[in-house]
Structure formats: C-alpha cells, structure tokens
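The values are calculated or read from the model by the stated rules, or taken from the named source; none is laboratory data. Remember, predicted model here, so these are calculated numbers, not experimental data. Using ideal geometry, Cβ is built from the backbone for each residue, glycine included, and neighbour counts are taken over all protein chains shown. Protein only, heavy atoms only, side chains kept; ligands, DNA and RNA dropped before computing areas. Shrake-Rupley method; radii C 1.70, N 1.55, O 1.52, S 1.80 Å.
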Amino acid sequence: MNAGNEIESILEEAQKVINGSKTETDLDNNKNIFIGKKGKLTAVLKNIGSLSIEEKKIFGQRANQAAEKIEEYVHKVRTSLKEEYYSVTLQTEKFDTTRPLKPEETGSLHPITKIQYEIEDIFTSMGFSIMDGPEVETDYNNFEALNFTGDHPARDMQDTFYTSDGNLLRTHTSAIQVRTLRELKPPFKIIAPGRVFRYEEVDASHENTFYQIEGMVVGKDISVSNLIYTMNVLLKEIFQKEVKVRLRPGYFPFVEPGFELDISCMVCDGSGCSVCKHSGWVELLPCGLIHPNVLKLAGIDPAEWTGFAFGLGLDRLVMMRYAINDIRFFHSGNLRFLKQSF
Ligand code: FA5
C-alpha cells in the first residue's frame, strides 16, 4: 500500500473506532491508538525515510490534515458524550431546591470575619469610614511613604515576599493609611481591615498570613488622649468588660511618639503560656501620632493637621476574645475548630 492510501485507511478506521467510544476514558484510549506516541499515524510518519523530499512534503501535509481530522472526530464524540452524561444526570439526580438546609449544612462566618464585622460596626457608629487597598503593593506605599527610607533598618522588622516586578505582598495595613492620606482631604476618620503577609517563622502567635485593622484620624489638634480614648472604646466594646492593658513606648518610623498597647494574655490569665511567650502580655495594638514626614509626603501640612494611627492585630484579638491557644487553627481548615460557636 502506498503511503497516501495508508493514511486514508487509518483515517477511515479512526472514524469508526472513535465513534464507537462509550465513555470519555474509552475515547482517550481510542484516540491514542491513532495519534498517541505509539499511534498508527505516528508510526506511518516514522517510515517515510525512503521518500523524496517533495514526496515527504506532500505526505507530511496529508498526515497533518489527517491528525486534525482525527482531533475533530474526538471533539465531536466528546461533546455528545458530555451532553448525554449531563442529560442523564439531570434526569436521575433530582434535588429539591426549596428544601431548608439542616443547621450542619449551612456553614458560618469565620471567627476572624465575625470580629472584623463587629469592629467595623463599632467604628462606623463613631463616624469612621471603611477603606480598602490591594494585597500586592508598591515598595513606596508599604515602606518609603511611611518614612522607611532606602535601607532603613526598621524594614527588617517586616520581612516580606517580593514579586518579580519589584512589588511586594503588603506587610501591614499601614499601606492603606498611605493611600488614604493621598486620597482624602482632612479632617477624616477611617479604619482599613485587610490581610497582610510576612516572611515569618510560624508559631502559636505568629502566622505568615494574618489580618490587621488599620485606624487613622486626621484633624485639628488630635493628641495622644484622643488616641487612648479610642483604644479604650474599642477594647471595652469587643470584650464587654474591663481588660488589663499596658502602654509602653514602641518604635515605628511613621509615628512619633509611638506606643505598643499590650493586653494581659487571656489564654493563661496573665500567668504565662506559649501564646504570650510566658510574659503574661500579648502585643496587640501598636499606635502613635502620625509622623510629620508622613503627612508631608502625602501633601498634608503638618503645621495645620495632626493625627493618630493604630494597627490592630486582628488574629490575636480574636485569640484573646475566645482564649484560642494557637493562631494556626485559623487557617487550618479544621472543621472541629470552625464548628465551635464563636
Ligand atoms: C505594624 O504592622 C504597624 N503597621 C502598626 C502600626 C500602625 C503602628 C499604625 C503605628 C501606627 P506590628 O509589626 O507590630 O506593627 O504589627 C501590628 C500587630 O499585628 C501586632 O501587634 C500583632 O498583634 C500583629 N502581628 C504582627 N505580626 C504578626 C504575625 N506574624 N502573626 C500574627 N499577628 C501578627
């Protein structure tokens, strides 16, 4: 048989065999008989060494056309097998869309989302707006505009993941602070919840992916007492009781003065555990008055306007509220953990 006839007869056979496929697996196997690595068409192509260059060209073209034709047969059969499958499934697997779900089938809000919503309610009731920003940020918004200039050593406090085009996964929601300062005209009050990322050694109180809520007020004569008052309202509303806190100096290049607000560990009642690293205190709410350089960089005159900002660690707040002893539960997908009533 000459090579051309051989291709025609393979094509004829392929059509018959492929059309006879009963399932998609069957179809894949049948396709391989002809155009797989060890397929019949492939084998014919391997035996054209004796042909002239001109003949090889014509033969190659016919073989390619045959391969395309076989793909067409396969596509046609696959489409009709799929249609058949879905029409049978729809006939036999009926379900009642009006049946109420059983409680165990409904799912629920993640405890972090739930507390985030509560905090949003507390702040909007005090006249704050809610801002948002992207998770992939520029180095400028995440660091430079917050006074972490050049190789500032404070950058090492927040090691992160960089993208190949020089951007990064934001390490804190303070990047939204920067965007807001550029976007809004003072006076304003905002909070900005969001997911943040750090190149971090994971343990009972540190994750590489966690949540923060940024807060910021810019206005006339805003002082540390406004800041402390707001922090107190937040903690009282969330915990519905007096909580033991301590305020100590803290360094962040974008606030001056800066503070760390720690909360007495509610997992161990302050006696020491792996969450508080046996200190009895958990770092929860760093804050301070916005550094004049940060206002200036955003085009706001620090002689006219002042402000405070804070960056709440949301995961840790939720841990304190429910006495959860390991931050890793949050992203574990562990249903026994998630099914508890939060
Ligand atoms: C910041 O991220 C500053 N942007 C906060 C800030 C905002 C200061 C505005 C001043 C003014 P810090 O790195 O400390 O600061 O993180 C803030 C909070 O996030 C911590 O107190 C802690 O509660 C939480 N946090 C930090 N790292 C982790 C981590 N790896 N896992 C879980 N929570 C974390």
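Side notes on the structure shown:
- Those residues of the stretch 302-337 whose amide nitrogen sits under 13 Å from the label point placed on CYS268, 7 Å along Cα→Cβ: 325-326
- Amide H contacts under 5 Å for THR160, placed H, 5+ residues apart: TYR199
- Rg and Dmax over the alpha-carbon atoms of the stretch 152-287 stand at 16.3, 48 Å.
- Proximal aspartates and glutamates to LYS296, defined as alpha-carbon separation beneath 15 angstrom and excluding residues fewer than eight positions away on the same chain: GLU144, GLU183, GLU256, GLU304
- Considering only ILE190, THR160, TYR140, the residue lying farthest towards the positive end of the dipole of the stretch 107-193 is ILE190, judged by Cα position with unit charges set on Cβ.
- The chain - mean residue ellipticity at 222 nm from DSSP helices (-39,500 (n - 2.57) per run, n ≥ 4, rounded to 500): -13000 deg cm²/dmol
- Kirkwood Rh and Cα Rg combined as Rg/Rh, the chain: 1.26
- Each of GLU144 and GLU120 was given a label point 7 Å from its Cα along the Cα-to-Cβ line. The distance between the two points is 3.2 nm.
- Low-density loop positions, trypsin sites (Lys or Arg not before Pro), the stretch 28-106 - DSSP coil, at most 15 other Cβ in 10 Å: LYS37, LYS38, LYS94
- Centroid-to-centroid, using Cα positions, the stretch 269-342 and the stretch 8-39 are 61 Å apart.
- Surface accessible to a 1.4 Å probe, VAL243 within the full protein complex, Å²: 30 Å²
- Checking the cross-link pairs LYS37/LYS69; LYS16/LYS56; LYS185/LYS220 against a 20 Å limit on the alpha carbon distance flags LYS16/LYS56 as lying beyond it.
- Per-residue SASA entry for GLU283, accessible area with 1.4 Å probe, Å² rounded to 10: 90 Å²
- Loop sites in the stretch 49-119: GluC sites (Glu not before Pro), DSSP, at most 16 other Cβ within 10 Å: GLU93
- Neighbours of GLU144 by Cβ distance under 14 Å: Lys/Arg scored +1, Asp/Glu scored -1, total +2.
- Take the convex hull of the alpha carbons in the stretch 3-92; its mean projected area over all directions comes to 5.7 nm².
- Degrees between helix 53-92 axis and first principal axis of the chain (Cα, 0 to 90, nearest 10): 60 degrees
- Each principal axis of the Cα cloud of the stretch 33-178 was evaluated for its coordinate range; sorted largest first, these ranges are 83, 58, 22 Å.
- Computed label-point distance, nm, for sites LYS69 and LYS56 using a 7 Å Cα→Cβ extension: 2.4 nm
- Helix 224-239 axis, angle to the chain major axis (alpha carbon atoms, nearest 10°): 60 degrees
- When ASP28, ASP156 are compared by accessible area at a 1.4 angstrom probe, the order from most to least is ASP156, ASP28.
- 17 Å Cα-Cα reach of LYS57 towards lysines, excluding residues that sit fewer than 8 places from it in its own chain: LYS46
- 0 to 90° range, to nearest 10: angle between helix 3-19 axis and the chain longest Cα axis: 60 degrees
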